[in-house]
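Written below as structure tokens is the structure these notes are about.
The values are calculated or read from the model by the stated rules, or taken from the named source; none is laboratory data. Just so we're clear, the structure is a prediction, and the values are computed from it rather than from any experiment. Heads up, the Cβs are rebuilt from the backbone with ideal geometry, glycines too, and the neighbour counts pull from every protein chain shown.
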Amino acid sequence: GCQGKARKILVVDDKWENRSVIVNVLKPLGFEISEASNGVEGLEKATAFNPDLIITDLVMPVMDGLEMMRRLRSSDNLKDLLIIASSASVYELDKQQSSKAGCDDFIPKPVDVAELLEKLKQHLQLEWVYEDFMPKSESIIDAGAEEIQLEEIVPPPSDILLLLYDFAKRGSVFDIRQEAEKLEKLDDKFVPFAKVIYRFAKDFKVKQLRKFIEDYVD
């Protein structure tokens with residue numbers, strides 16, 4: 001989590017899956033989250049919710065992120081809000097347009113969770129306390145993941161794999177850690193697999209986690 005008072009984050013994106021990845025990471029860390037699916041909703045939520053920071057997509061129906069940022073910057077009450085823009089399209093062009101529209105920072109999609117947390121730390125002057133939001137594990141899976149050889153890894157049954165893959169797609173790193181601990185107790189042969197996913201989840205390496213699990217999904 002982070003020390004101090006709970007920070008308020010507004011996530012603006014027309015795709016719920018994109019919002020979900022960010023929400024599933026930030027909520028367990030103690031952030032208050034509000035969501036909007038386009039720029040018009042974003043402006044309304046910004047006024048009502050009064051966030052500390054906005055994370056916004058650029059390409060959305062009704063009103064896009066660039067226009068929303070321009071309107072925020074021209075508002076007497078909202079002009080000083082911190083804004084991080086995010087986009088999956090051409091990185092440099094979007095970065096320039098976002099900066100011109102008034103954003104404070106930019107993060108490419110798919111969002112890298114570790115990079116997002118670093119930007120939040122920088123802009124909100126946060127101090128992360130990574131272990132205060134999960135019970136202290138007595139498990140052996142929290143050590144030595146880097147020493148595991150590929151041939152040691154035995155994936156779990158397909159129903160568990162699909163559950164883990166769903167968590168990974170949604171960025172639910174805390175659910176992954178809990179499932180990894182259950183997997184370790186299920187059978188010793190799954191311990192190497194559990195160690196790897198636990199370490200990726202603990203380090204917020206969502207893209208690597210997703211790719212690792214994906215390789216074992218039929």
Subject >> Answer from Lys95, Lys79 - the residue that is out of contact with any Gly (no Cβ under 8 Å at 6 or more places or on another chain), charged (D, E, K, R) and either outside any loop (DSSP other than H, G, I, E, B) or closer than 25 Å to Arg170 by Cβ (or both) >> reply: Lys95
**OP:** Residue by residue through the stretch 161-178, note down the ones that are surrounded by 21 or more Cβ atoms within 10 Å (Cβ to Cβ) and either of a type outside the set (Lys, Arg) or not in a helix (DSSP H, G or I) (or both).
**Re:** Leu164, Phe167, Ala168, Gly171, Ser172, Val173, Ile176
Subject >> Failed item, numbered, when Met134 is tested on (1) surrounded by 14 or more Cβ atoms within 10 Å (Cβ to Cβ); (2) modelled with pLDDT of 90 or more; (3) not in a strand (DSSP E or B) >> reply: (2)
Subject >> Top-ranked residue in the stretch 99-125 [being assigned to a loop (DSSP other than H, G, I, E, B) and either at pLDDT 85 or above or at positive phi (or both); ranked as surrounded by the fewest Cβ atoms within 10 Å (Cβ to Cβ)] >> reply: Gln125
Subject >> Matching option when the condition is at pLDDT 80 or above and not assigned by TED's automatic domain parsing to the domain that holds Ala201, among Leu93, Leu58 >> reply: Leu58
Original post:
Which residues, counting only those in the stretch 82-92, are among the aliphatic types (A, V, I, L, M) and part of a loop (DSSP other than H, G, I, E, B)?
Top reply: Ala88, Val90
**OP:** Filter the stretch 44-62 down to the residues that are out of contact with any helix residue (DSSP H, G or I) (no Cβ under 7 Å at 6 or more places or on another chain) and charged (D, E, K, R), then identify the one that is surrounded by the fewest Cβ atoms within 10 Å (Cβ to Cβ).
**Re:** Glu44
Subject >> Residues that are without any contact (Cβ under 8 Å) to a residue 40 or more places away in the chain and closer than 15 Å to Val111 by Cβ, drawn from the stretch 32-55 >> reply: Ile33, Glu35
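State yes or no: is Pro155 modelled with pLDDT of 80 or more and not in a helix (DSSP H, G or I)? So that I can check it myself, show each step before the final result.
Numbers: modelled with pLDDT of 80 or more: yes; not in a helix (DSSP H, G or I): yes.
Considered against the rule, which asks whether it is modelled with pLDDT of 80 or more and not in a helix (DSSP H, G or I), Pro155 comes out as yes.
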Original post:
Among Ala6, Ala101, which is the only one that is hydrophobic (A, V, I, L, M, F, W, C), more than 30 Å from Asp175 (Cα to Cα) and either touching a Gly at 6+ places or on another chain (Cβ under 7 Å) or not assigned by TED's automatic domain parsing to the domain that holds Ala201 (or both)?
Top reply: Ala101
**OP:** Among the residues of the stretch 1-60, count how many are of a type in the set (Phe, Trp, Tyr) and under 18 Å from Leu117 (Cα atoms).
**Re:** 1
Original post:
Could you count how many residues in the stretch 47-63 are within 16 Å of Ile22 (Cβ to Cβ) and of a type in the set (A, V, I, L, M)?
Top reply: 5
**OP:** State all residues of the stretch 63-90 that are surrounded by fewer than 12 Cβ atoms within 10 Å (Cβ to Cβ), at pLDDT 85 or above and not charged (D, E, K, R); if no residue qualifies, say none.
**Re:** Ser74, Asn77
